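Just so it is clear, none of the values below were taken in a lab; they were calculated from the coordinates. Because the structure is predicted, anything quoted here is derived from the model rather than measured. Because the Cβ atoms are built from the backbone with ideal geometry, glycine has one as well, and the counts that use them run over all protein chains shown.
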Amino acid sequence: MKKSHQNSGIKSKTKLPEPYKLVLRRKWKWARHLARLKDDWALYLTKWTPQSFNKRIPLPGRPTVRWKDKIKKCAGIKWVEEANDRGTWSQIEAVYIQQWRNNAETDHERESDSLSSQ
């Protein structure tokens, strides 16, 4: 019979960062990199909204949340200017990761509640 291991035990032994934190940090650093680029093409594509999201053509259901929307929610509308200040950007990064964590926990609680009510 195989011996099972707890996730917490594996995490403490490997001392690797949690995957979600690693992904969020990389996204955050990429956003700063895009904001500081001299070439506006990559930043333009990040800010671009496809025509299907135009108000004239309503789509059924909830609007899709784009990557830039999550950055704007945390860093504000002028996130491109904020990215030029490394100290401020690092502080906002911590809030961004914590905000994601709180949302994930809330979603998990909703799923647990809906499963227990069935």
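Structure notes:
- With neighbours defined as other Cβ atoms within 10 Å of a residue's Cβ, the residues Arg86, Arg25 order from fewest to most as Arg86, Arg25.
- Projected label distance in nm at Lys73 and Thr88, using a 7 Å step from Cα toward the beta-carbon: 2.2 nm
- Spin-label pair Ser8/Arg62, simplified geometry with 7 Å Cα→Cβ offset, distance in nm: 3.1 nm
- FRET efficiency for the pair Trp41 and Glu81, taken as 1/(1 + (r/R0)^6) with r the Cβ-Cβ distance and R0 = 30 Å, rounds to 0.95.
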